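Report on the following structure.
The values are calculated or read from the model by the stated rules, or taken from the named source; none is laboratory data. No experiment lies behind these values; they were computed from the predicted model shown. Note: ideal-geometry Cβ built from the backbone for every residue, glycine included; neighbour counts use all protein chains shown. With ligands, DNA and RNA removed, areas are computed over all heavy atoms of the protein, side chains included. Shrake-Rupley method; radii C 1.70, N 1.55, O 1.52, S 1.80 Å.
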Amino acid sequence: MTATAISIITISDTCSKDASSDTSGPTLVQLTREMFPQSLIRTTVIPDEREVIEAMIKEYCGMDVDLIITTGGTGLSSRDVTPEATKAVIEREVPAITVALTTESLKKTPMAMLSRSVAGIRDKTLIINFPGSKKAVIECFEIVRPILNHAIAIIKNEITKVKSVHNSMQLDHVCSHKKFSSNVDLSKVALRPRESPYPMLQMAEAFKVIDSVMKEWEKSLEQVKIEDSMGCIVGEPLFAKEPMPPFPASIKDGYACLSSDGAGVRRVRTVVRAGETSEAPLEPGECVRINTGAPLPPGADCVVQVEDTKLISASPDNKTELEVEIIKAPKAQQDVRPIGFDVALGAELVGEGAVVDAAVIGILAGAGYQHVRVRTKPTVAILSTGNELQDPSEATLKPAHIRDSNQMMLKALLKENGYPSVCMGVARDEASELATSLSDAFKRADVVVCTGGVSMGEKDLLKPVLLQDFGATLHFGRVCMKPGKPSTFASCQFQGRTKYIFALPGNPVSAYVCCLLFVIRALRICEGRRSDFPRMRVRLNNSFPLDPRPEYVRAVLRFTEDDLPHAEVLGNQCSSRLLSACGASVLLELPPASDNLDCLPAGHVLPAIITGRLEH
Ligand SMILES: Nc1nc2c(c(=O)[nH]1)N[C@H]1C(S)=C(S)[C@@H](COP(=O)(O)OP(=O)(O)OC[C@H]3O[C@@H](n4cnc5c(N)ncnc54)[C@H](O)[C@@H]3O)O[C@H]1N2
Ligand code: MOO
Ligand SMILES: [Mg+2]
């Protein structure tokens, strides 16, 4: 999570007359810049005037600033009105921030009793008052530092509006190291929570959270070779530096003529084939034998195809045509592509936001471009977790082990959707090993996709490790869907950059479906594409029982005489049975079972998300 906009307001009569005397403002700029390196930080110095302070806070809030820190004007003198002004503009107070500031500052100086700081929220902006001295500013910043990311994330991602997510955020926030480490301690397994502490989001809520979090991804462009640009999104338009064709070219194999000569016999002066030029201008009564794609000789203004001519005379060896008859009078420009006919000089070859396809690559190659600037894709790392996993290459299985199928499957699925990734191997279900592997993955990638360890087992340690070791914000930890219930989405700051983590359930089908629905959605948002896969209406071939959760059923489509394709479910849909995804063209979107509908009958028409090839 990155604050995109921060405002520092120095409130002081003295500093407003001489800004160079302000030391607290610049100190806050430095502190916030270190914590939010990618943020836009605005500063201002204003006098201790209540109306001015109120107006300034309101103005920044109107500019979608995420965080406003004021410094100064919190004391007891009659000019100290910052708290009053702040109270007048905030919509909701956050009193615990003030309590923390006071409690912690009192440990350093009893003077803290004389600060009347206020903290609160106006619209989507968090506003915190700090006292005026540089020392106090440094101390206060250290006190609020641990909550800034979470607080801004909650406010900014509108998660406050999604009650369940809000609960989850609060939960995450109070999910202390100790609470989760009891989970880790096998000897105290009896103390683990017997209910998941993570609220179960509806799909629409989960999508909304992903969309709002991923919108923060900082978009950039990169230059790639055109042959490597397939499927990329064009970042800057490209224009034709040359016309196509660059010369008037014949469309037919025949004779270049002067249209003013009309029909009749012509002397065949010479020949011009594709790739050749002919220098001498055509004289009346002459023609030049020409091939498709060859440049018209100077003077010629039309081409007559060989089918519309008669041979009149040839050399004795028949290797040269000497005279031909043009049967029908040609029109000017007949069968000629003038200069720039296909692409005019300066025409737009490919626009910003276009998806590079084979034709675009052909156009760019034909126009002499070797590179194209495209929108940068996030880098992705894949990690499998589980003590039971062996590398797929191992010949024999150890007792109670299985081979890791998720890693290769996810890599292929991402590649199929245009996203390269790196594989980070398998981490064992130990907190320290998971932390090391995650940290290695964060060094390699912006987005980390891991599988396993997100449900209720005492060895399901992904969530606690993300919270404890990386101070991650858990955007969600459970989703009402089948498969994929324990799907987890988090973000954290790592070495000054935001990392996004999709911790998918270990069951292979859950990982497959959640990668399609959540991970690829997120990656597409980063690239500025439309987030959803296309959908179509299909007819169910056989009846299908409904689950209490909305279900994503893998199916193939059969195109018949019927107006709609028929969806054939790919066998048992158990979340461990990856065979149910082999060859799938679509995910059928099944509604949850209800009192009046617990089974969809054969022939029922329902939406299908197109995730694979429609025909094989
Ligand atoms: N008490 C509860 N138990 C479970 C719940 C629940 O709500 N309460 N949810 C179930 C659901 S739904 C799912 S889905 C799974 C998710 O499990 P985890 O994400 O914790 O994953 P693991 O426990 O590590 O593994 C689950 C399953 O998948 C196999 N697996 C894991 N990784 C791989 C891999 N890379 N390649 C192939 N197979 C893999 C693993 O061996 C397990 O069989 O939790 C349910 N439990
Ligand atoms: O939600 Mo789990 O992915 O059904 O088995
Ligand atoms: Mg598990």
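Only residues that are free of Cβ contacts under 8 Å to residues at least 60 places away in the same chain and touching a strand residue (DSSP E or B) at 6+ places or on another chain (Cβ under 9 Å) were counted in segment 63-79, giving 2.
Pro486 fulfils the conditions (1) closer than 21 Å to Trp217 by Cβ; (2) within 13 Å of ligand 2 (Cβ to nearest atom) except for a single criterion, (1).
Of the residues that sit in segment 454-468 and are crowded, with 24+ Cβ neighbours inside 10 Å and farther than 12 Å from Phe502 by Cα, which one is farthest from ligand 1 (Cβ to nearest atom)?
From segment 454-468, those crowded, with 24+ Cβ neighbours inside 10 Å are 454, 461-463, 465-466; that's our starting set.
Narrowing the set further to residues that are farther than 12 Å from Phe502 by Cα leaves 461, 465.
Details: Leu461: 9, Val465: 13 Å.
Per the stated criteria, the residue is Val465.
Just one residue in the set Ser393, Ser439, Ser432 is outside any helix (DSSP H, G or I) and either open to solvent by 50 Å² or more (accessible area, probe 1.4 Å) or away from ligand 3 (no atom under 16 Å from the Cβ) (or both); that residue is Ser393. Scanning segment 288-328 for residues that are within 27 Å of Met244 (Cα to Cα) and assigned to a loop (DSSP other than H, G, I, E, B) turns up Asn291, Thr292, Gly293, Ala294, Leu296, Pro297, Pro298, Gly299, Ala300, Asp301. In this structure, Gln370 does satisfy being open to solvent by 70 Å² or more (accessible area, probe 1.4 Å) and in contact with a strand residue (DSSP E or B) (Cβ under 8 Å, 6 or more places away or on another chain).
Scanning segment 377-387 for residues that are of a type in the set (Val, Ile, Thr) and in contact with a Gly (Cβ under 8 Å, 6 or more places away or on another chain) yields a single hit, Thr385.
Of the listed requirements (1) touching a Leu at 6+ places or on another chain (Cβ under 9 Å); (2) within 16 Å of ligand 2 (Cβ to nearest atom), Ile501 misses just one: (2). With respect to (1) closer than 26 Å to Gln202 by Cα; (2) within 16 Å of ligand 2 (Cβ to nearest atom); (3) surrounded by fewer than 18 Cβ atoms within 10 Å (Cβ to Cβ), the lone exception for Gly471 is condition (2).
Arg613 meets all of the listed conditions (1) basic (Lys, Arg); (2) open to solvent by less than 60 Å² (accessible area, probe 1.4 Å); (3) modelled with pLDDT under 95 but one, namely (2).
Based on what the data block shows, is Pro83 open to solvent by 70 Å² or more (accessible area, probe 1.4 Å) and either assigned by TED's automatic domain parsing to the domain that holds Lys124 or out of contact with any strand residue (DSSP E or B) (no Cβ under 7 Å at 6 or more places or on another chain) (or both)? Working first, answer last.
On the way: open to solvent by 70 Å² or more (accessible area, probe 1.4 Å): no; either assigned by TED's automatic domain parsing to the domain that holds Lys124 or out of contact with any strand residue (DSSP E or B) (no Cβ under 7 Å at 6 or more places or on another chain) (or both): yes.
Here the answer is no, as Pro83 does not meet what is asked.
Can you tell me which residues in segment 374-388 are within 16 Å of ligand 3 (Cβ to nearest atom), touching a residue at least 60 places away in the same chain (Cβ under 8 Å) and assigned to a loop (DSSP other than H, G, I, E, B)? Break it down stepwise before answering.
Start the filter on segment 374-388 by keeping residues that are within 16 Å of ligand 3 (Cβ to nearest atom), which leaves 383-388.
Filter once more, so that each one left must be touching a residue at least 60 places away in the same chain (Cβ under 8 Å): 383-387.
Of everything in segment 374-388, those that are within 16 Å of ligand 3 (Cβ to nearest atom), touching a residue at least 60 places away in the same chain (Cβ under 8 Å) and assigned to a loop (DSSP other than H, G, I, E, B) turn out to be Gly386, Asn387.
Just checking, does segment 449-461 include any residue being more than 16 Å from ligand 3 (Cβ to nearest atom) and at negative phi? Scanning segment 449-461, I find at least one residue that is more than 16 Å from ligand 3 (Cβ to nearest atom) and at negative phi, so the answer is yes. The selection criterion, being within 16 Å of ligand 2 (Cβ to nearest atom) and either surrounded by 21 or more Cβ atoms within 10 Å (Cβ to Cβ) or modelled with pLDDT of 95 or more (or both), holds for Cys450.
Within segment 259-277, the residues that satisfy the criterion of being open to solvent by 50 Å² or more (accessible area, probe 1.4 Å) and either touching a helix residue (DSSP H, G or I) at 6+ places or on another chain (Cβ under 6 Å) or β-branched (Val, Ile, Thr) (or both) are Val265, Thr270, Thr277. Here Glu561, Glu568, Glu551 are screened, and the one residue that is at pLDDT below 95 and either closer than 27 Å to Asn596 by Cβ or not assigned by TED's automatic domain parsing to the domain that holds Asp460 (or both) is Glu561. Among the candidates Arg529, Arg521, Arg613, Arg558, the residue that is free of Cβ contacts under 8 Å to residues at least 40 places away in the same chain and closer than 22 Å to Ser421 by Cβ is uniquely Arg613. Return the pairs, sorted by first residue and then second, in which the second residue is near ligand 1 (Cβ under 7 Å from one of its atoms) and open to solvent by 10 Å² or more (accessible area, probe 1.4 Å), the first residue lies in segment 498-513 and is more than 17 Å from Leu579 (Cα to Cα) and among the aromatic types (Phe, Trp, Tyr), the beta carbons are less than 6 Å apart, and the residues are 6+ apart or on different chains. Pairs that qualify, where the first residue is more than 17 Å from Leu579 (Cα to Cα) and among the aromatic types (Phe, Trp, Tyr) and the partner is near ligand 1 (Cβ under 7 Å from one of its atoms) and open to solvent by 10 Å² or more (accessible area, probe 1.4 Å): there are none.
Report, by residue number, each residue of segment 406-418 that is under 15 Å from Phe533 (Cα atoms) and not hydrophobic (A, V, I, L, M, F, W, C). Result: Glu416, Asn417, Gly418.
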